[in-house]
Each structure stands twice: as structure tokens, then as C-alpha cells.
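Everything on this sheet refers to the single structure shown next.
The values are calculated or read from the model by the stated rules, or taken from the named source; none is laboratory data. Please read these numbers as outputs of a predicted model, since none were measured by experiment. Backbone-built Cβ (ideal geometry, glycine too); neighbour counts: all protein chains shown. Please note that ligands, DNA and RNA were not included when accessible areas were found on the heavy atoms of the full protein model with its side chains. Shrake-Rupley method; radii C 1.70, N 1.55, O 1.52, S 1.80 Å.
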Amino acid sequence: MHSAIHYLKNKQLLWRANDVNSAHSNTQTTGFSELDSALQGGFPDYGVIDIRSPIGIGELRLLLPNIVNKQKHSPANLSVFIAPPLGLNAEMLAEIGLKLEQVMIIQPKANHDNLWAAEQSLKSGCCNSVVLWHSMMTVAQIKRLQLAAEKGHSQLFILRIPQQNDIPLPVSLGMQLQANHLGIQVDITKRKGPKPNKPFVVDMHTYWPELIRTEKAQVVNLTFPVSTLPKRA
């Protein structure tokens, strides 16, 4: 074995594609069995997770069980939300289990301040999870955020709308989401280890039964016979 490879392996800095067990290390449950199974354990404990999703399909609710779990069990117990496009419902956050006194919402005045706030939060060592809404990302920006996440042993979720000119980014995990009547359809675009061959649906009925449709909506025929229509005066 080459000395450089031997050194990297001893430092646990080398990942082999056929090493399935390595994909299980440093993960925490997502709170959804289907997603845990596809990710072989859950979300990465720290690093950058790129999520491309339309706004308002339940994308934040997909992350909240994991964020709650990290807030309970991580020494760094602050959860940060940066530049949410819509107001966050404090009652909903509290109902799912987040301690509101450990939640920080940041609304920078300029887009470039979003990245600065995320980087400072990640490397501070005070945050277990950071959720950032930001549209365009470059490879250099992702690398800086990845280093900050590793330094602070923190987790960054980037939520952004899918773009036609999206380029592959050096992230720990990449997913693309779509709405589904049972919850959310997930397509894993990047991860360690073998990825699912096709998209799958995460059933959200356990957490939010009122937000899903268990049956397809019925089509109502609104065609009336001509004889039943009112006559003009």
C-alpha cells in the first residue's frame, strides 16, 4: 500500500466506495424511516446538506425532527434559521419540540450577508444546526461553509429553488424534493455510499396527518342540463 494512502486510511480521511459501514458513521436519524433507510442511518452529523426544493411543499418539516433531536443531544444547542422567505411559526416550532429560547432567526438586509451569518454561526461552536435559504451558490462558497461546519462540528442545511444551470457542489449530501400527496418525494443526488436508483416518497402522516391527502381528490361534474339553467329576464 502506498504510504500516502496508508496515512490517510489511519487518519480516517479515506473513504472507499465499497465500504458500506462508513456511510453509517456520524449520522443522526431524520425522524422518517424511509429517509433513514435511503441514507443508511440519517443526515450527516455535520457538514453541508444541499436541498433543492420549491418553497412551501413541507421542505422545512422534513428537517425539523432531526433538528429537534440535535438540539436535545448536542452540547451546542442553538438552532439558527437564516433568511427564511416566509415567517416561521413559533407555535409550530414549539409543538414539534424545539425550545424557542434556543432558536435564533436572522434576517440579513443583503444577500451576501446571508453567507457571512451562516459561516459565523457554523464555526462558532454554539450551533447544532443552521438552516440557510439562499439561491445561488458557488463551489468556493460551499468549500468555506464546509470548513466552517467541520470546525464547529455543526450541520448546515441549504434550501434553494432548483435552477437550470445548477452545477455539482462539493457537499456532504445533496437532495432534490418535489410535492407528493403523501408527503414529499425525495431524489438523492449526492451522498456517500450507493444511492437509491430512483426517487422515493417520505410519508409524513405520523407527524402531520392533517397536511396530507390519503385519497385522491374526487372530480365533481359541474355540467348542468340546458333545461335546468335559469332563463334570462
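Things worth noting here:
- Of the criteria (1) open to solvent by 60 Å² or more (accessible area, probe 1.4 Å); (2) farther than 20 Å from Leu63 by Cα, which one Cys126 fails: (2)
- The set of residues in segment 37-63 that are in a helix (DSSP H, G or I) and hydroxyl-bearing (Ser, Thr, Tyr) contains only Ser37.
- Of everything in segment 170-188 that is touching a Lys or Arg at 6+ places or on another chain (Cβ under 6 Å) and part of a strand (DSSP E or B), the residue that is most open to solvent (accessible area, probe 1.4 Å) is Gln176.
- Reported count of residues in segment 189-211, each being modelled with pLDDT of 70 or more and either open to solvent by less than 100 Å² (accessible area, probe 1.4 Å) or of a type in the set (Asp, Glu) (or both), is 14.
- Scanning segment 123-144 for residues that are in contact with a helix residue (DSSP H, G or I) (Cβ under 9 Å, 6 or more places away or on another chain) and either closer than 24 Å to Asp166 by Cα or free of Cβ contacts under 8 Å to residues at least 12 places away in the same chain (or both) returns Val130, Val131, Leu132, Trp133, His134, Ser135, Met136, Met137, Gln141, Arg144.
- Single residue of Glu95, Glu119, Glu34 found to be more than 12 Å from the chain's Cα centre (by Cα), assigned to a helix (DSSP H, G or I) and free of Cβ contacts under 8 Å to residues at least 24 places away in the same chain: Glu95
- In segment 107-123, the count of residues that are open to solvent by 80 Å² or more (accessible area, probe 1.4 Å) and modelled with pLDDT of 90 or more is one or more.
- Picking from residues in segment 148-169 that are touching a residue at least 12 places away in the same chain (Cβ under 8 Å) and farther than 22 Å from Leu62 by Cα, the one that is surrounded by the fewest Cβ atoms within 10 Å (Cβ to Cβ) is Ile167.
- Within segment 74-92, tally of residues that are free of Cβ contacts under 8 Å to residues at least 40 places away in the same chain and of a type outside the set (S, T, N, Q): 7
- Remark: Trp133 matches the filter, which requires a residue to be aromatic (Phe, Trp, Tyr) and open to solvent by less than 70 Å² (accessible area, probe 1.4 Å).
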